[in-house]
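Structure first, then comments.
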Amino acid sequence: MKAVVLVKQGPADKAFEIQEMDKPAIKPHEVLVQVDAFGLNFADVMARLGYYEDCPPLPAIIGYDVVGTIDEVGTEVSHLKKGQRVMALSRFGGYAEFVATDARAAVAIDASISDGIATALATQCGTAYYCAEEMVRLHPGDHVLIQAAAGGVGSALVQMAKHRGCIVYGTASTKKQDFLRSLGVDHPIDYRNTDFEEVIKKQRGGEGLDVIFDSIGGQSVKKGLKLLGHGGRIVLYGAASMTDTNKNIFKMIKVGTGFGLHSPIKFLKNSQSMMGVNMLRIADHRPETLKRSLEGAVKMAQDGILTPHIGGEFKVDQIAEAHEFLASRKSMGKVVVSWK
Ligand SMILES: NC(=O)c1ccc[n+]([C@@H]2O[C@H](COP(=O)([O-])OP(=O)(O)OC[C@H]3O[C@@H](n4cnc5c(N)ncnc54)[C@H](OP(=O)(O)O)[C@@H]3O)[C@@H](O)[C@H]2O)c1
């Protein structure tokens, strides 16, 4: 099979090589998927730039989400069969023509779901579902801030929060403000040119926010906590701001300390919560929770609650271009790469 191998960290045009290698062997609880297309995730950009500690040692095949056909089924797997079309979350290995993954991370999908949407439903919508449906309960009238709301996970969170009747504050770069409106964001905020803390403070007065979903990390978390109301919950699931540091150790420390030091007593007094999400840990240690989140995302798409937006479609020989596009902050929604 062919695979896109991450051979070195740095600029995308030097980082990847397409190599010939053996198909992966499956374990009894796994399936082998013949991949039609795979999705990019911001974590892949972080892995390429060397900011992602979960990335396997190089050379490595990265990639979390694929769409394709089941080619082989492990002896312990009973709910999937050879020839079925699936979307699947893989624990790396996704940038290849074949990938082995836990059968609980693969969901059968029908032909009406396009390849791009199928890949978005795996990591990005699965993560959004876990954050918005498993970690917190959203209620009508809740004031919810979603950072990077025009991105893959962000746009799914917006749609889920609107479905629950929330009032949504969404941040994104200047050119994405219309897209935020089209998603249903009530208060789009251009956080490249305005201070989101000031904007929300003006709108909410002393009331604060009920829920914050943060994928930026650093100062964004500290500011978010100042906006959180009593009974509020903040979900941390990313640290995109780390990529701005250019590996400068002082800047990296600044992002790290930017998160702030937090006393549990303050959370207790204010009836607030801070929650962390890492879907790899969920995949490794709570595979049934992952299965529920992936199936939940697919069901929401089938019910018309979730309509993932495709931000860019590329062929496999354009992998470098696809990566730079996602890294450039220009993409809105899912970036997908197909083998044919
Ligand atoms: N914890 C988990 O298990 C998990 C799972 C999936 C994803 N994630 C995280 O969720 C976030 C979104 O992932 P995604 O794949 O859906 O990507 P994405 O949101 O489609 O793309 C990243 C977006 O983040 C925004 N951003 C804000 N500050 C940034 C910065 N300093 N540098 C670069 N981009 C910045 C950019 O949009 P604007 O500038 O327009 O806002 C950019 O387009 C990422 O941080 C990712 O690591 C975490």
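The values are calculated or read from the model by the stated rules, or taken from the named source; none is laboratory data. The model shown is predicted, which means the values in this text are computed figures rather than measured ones. Counting neighbours? That spans all protein chains shown, and the Cβs are built from the backbone with ideal geometry, glycine included. Side chains included, ligands, DNA and RNA excluded: accessible areas come from the protein's heavy atoms. Shrake-Rupley method; radii C 1.70, N 1.55, O 1.52, S 1.80 Å.
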Proximal charge balance of residue 58 [Cβ under 15 Å; K/R count +1, D/E count -1]
-1
Mind ordering 302-314, 93-105 by average Cβ neighbours within 10 Å, highest first?
93-105, 302-314
Take the Cβ-Cβ distance between residue 76 and residue 262 as r, set R0 to 41 Å, and report the resulting FRET efficiency rounded to the nearest 0.05.
0.45
Tell me, what HN-Hα J-couplings in whole Hz come from the Karplus equation 6.51 cos²θ - 1.76 cosθ + 1.60 at θ = phi - 60° for each residue of region 286-295, using x for Gly and Pro?
9, x, 6, 5, 4, 4, 4, 5, 5, 5
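Rounded to the nearest 20 Debye, what is the dipole magnitude of the chain about its Cα centre when Lys and Arg each give +1 and Asp and Glu each give -1 at the C-beta?
Here the chain has a charge dipole of around 1020 debye.
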Region 1-147, accessible surface, carbon-and-sulfur percent (1.4 angstrom probe):
50 percent
Point-charge dipole on Cβ atoms (K/R +1, D/E -1) for region 144-239, about Cα centre, debye to 20
40 debye
Probe 1.4 Å, all protein chains in place: accessible area of residue 27 in Å², nearest 10?
110 Å²
Gyration tensor (alpha-carbon) shape descriptor, region 139-277, a/c threshold 1.5:
oblate
How long are the semi-axes of the equivalent ellipsoid of region 105-213, taking √(5λ) for every eigenvalue λ of the Cα gyration tensor, in whole Å from largest down?
26, 16, 10
Taking the full set of protein chains and a 1.4 angstrom probe, give the accessible area of residue 166 in square angstrom, rounded to the nearest 10.
0 Å²
Region 35-143 pair-distance distribution - Cα-Cα, 10 Å bins, rounded %
14, 40, 30, 13, 2
In a Gaussian network model of the chain with springs linking alpha carbons closer than 10 Å, the residue among 129, 64, 191 that fluctuates most is 191
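Tell me the volume per residue, in Å³, of the convex hull enclosing the alpha carbons of the chain.
Numbers: hull volume 44.0 nm³, N = 340.
So the per-residue Cα hull volume is 129 Å³.
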With the contact rule set at Cα under 8 Å and sequence spacing of 6 or more, what percent relative contact order holds for the chain?
18 percent
CD proxy at 222 nm, helix term only [per DSSP H run n ≥ 4: -39500 (n - 2.57); per residue of the chain; nearest 500]
-9500 deg cm²/dmol
Efficiency of FRET from Cβ geometry, residue 194 and residue 111, R₀ 51 Å, rounded to 0.05:
0.70
Rounded to the nearest 5, what % of DSSP beta bridges with both residues in the chain are antiparallel?
55 percent
